[in-house]
Amino acid sequence: MSEASESGSVVDELIPPVARSATWEETWINVIAPALFGLIVAGFWQWKVQAMLPWGLPNPIQGTLLVMLLFSPLFHYFLTDQPMSRWTEYALGITVLGGFFIVVWLMGVGGFVCGGYLAAIVWVAISTSWWRFHLPPFRSALWHTLGVNMGAVGGAFIMFGLVG
């Protein structure tokens, strides 16, 4: 017998904590802000930059991913709670997944399967589970890059529909 049961006190059973849902701040930082950045930059790229490119490359989605890489120290500073000394790890995450998407979007219409549809499924799955963890910069960058990619797809399509 345990000491608690000998003394006559009731021992509470261990109850697993109830899973909480993501806060609006977590949703804003990890989902909305990257997608909004992608939407705005790709829309601007489609509207102003794309017409000036003789070969049409980089396209708005590729351009947005390159701009994200350029601003990776700012993304790391504003979207993660890690020390700034780890921004290169964040930039590496953007480079790995962003480089993959840049190659995928070279395939033209075939890029919509991997760069659009499959990326959307992965992004939604990650967005519903990863917010529970304190992620290292590399994994945060993967999550944010998926968000920027999906926002860029939407921004490029919206602006193409508006201005052609």
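Starting from the eigenvalues of the Cα gyration tensor, five times each then square-rooted, give me the equivalent ellipsoid semi-axes of region 12-112, largest first, whole Å.
Output for region 12-112: semi-axes of 34, 16, 14 Å.
Assuming 0.36 nm per residue, please report the length gained on full extension of the stretch residue 163 to residue 129 beyond their Cα-Cα distance.
The span from residue 163 to residue 129 would gain 8.5 nm if fully extended.
Kyte-Doolittle cut-off -1.0, length cut-off 30 Å along the helix's own axis using Cα: show which whole DSSP H helices in the chain pass.
Taking the DSSP H segments of the chain (at least 30 Å long, mean hydropathy at least -1.0), we get 137-163.
Residue 135: net charge of surrounding residues, Cβ under 14 Å, Lys/Arg +1, Asp/Glu -1, itself excluded?
0
Quick note: the coordinates plus some simple rules give every number you see, no bench work behind them. Quantities reported herein were computed from a predicted structural model and do not represent experimental measurements. Every residue, glycine among them, receives a Cβ derived from its backbone with ideal geometry; neighbour counts consider all protein chains shown.
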